[in-house]
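In what follows, a structure is listed as structure tokens, so that the remarks can point back to it.
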């Protein structure tokens, strides 16, 4: 028998991921599951000039402010008129999105990941890659992809 007690909905706060979060929220409510919301902040380092070894250094307050903003957005991402899962757990992490999603799912015994896909095809898919595709390939549990029909 399939038992889904913990659902992970990673979000980048885009309109596409909003549809997946809403779906995960409704599914968690119907199944009586916990909903885990995860936002991953990128640690991308940008060169500060022609020398790749010269890297701009941001003050620690910058990173704290970015994380605080993400935490506030995550706390209010589930609209008041959406179904209410039995529990909602949210977390902010820093790093590569796919790696952090995989690690979170493993650490928390996630039974299902619900992720959005932008539905890119052809050259756009080749050039931009697909986070959703990597999650599907590398996840430690089943992954449900949601394609938002809105542009």
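Starting from the Cα of residue 82, move 7 Å in the Cα-to-Cβ direction to define the label point; list residues of segment 88-116 whose amide nitrogen is under 17 Å from there. In segment 88-116, the label zone of residue 82 (backbone N under 17 Å from the point 7 Å along Cα→Cβ) covers 88-92, 112-116. The stretch between residue 144 and residue 71, if pulled fully straight at 0.36 nm per residue, gains 23.8 nm over its current Cα-Cα span.
Read-outs throughout are calculated quantities, based only on the coordinates presented, and are distinct from any laboratory measurement. Keep in mind it's a predicted model, so treat the numbers as computed, not measured. So basically every Cβ, Gly included, is an ideal-geometry build from the backbone, and we count neighbours across all protein chains shown.
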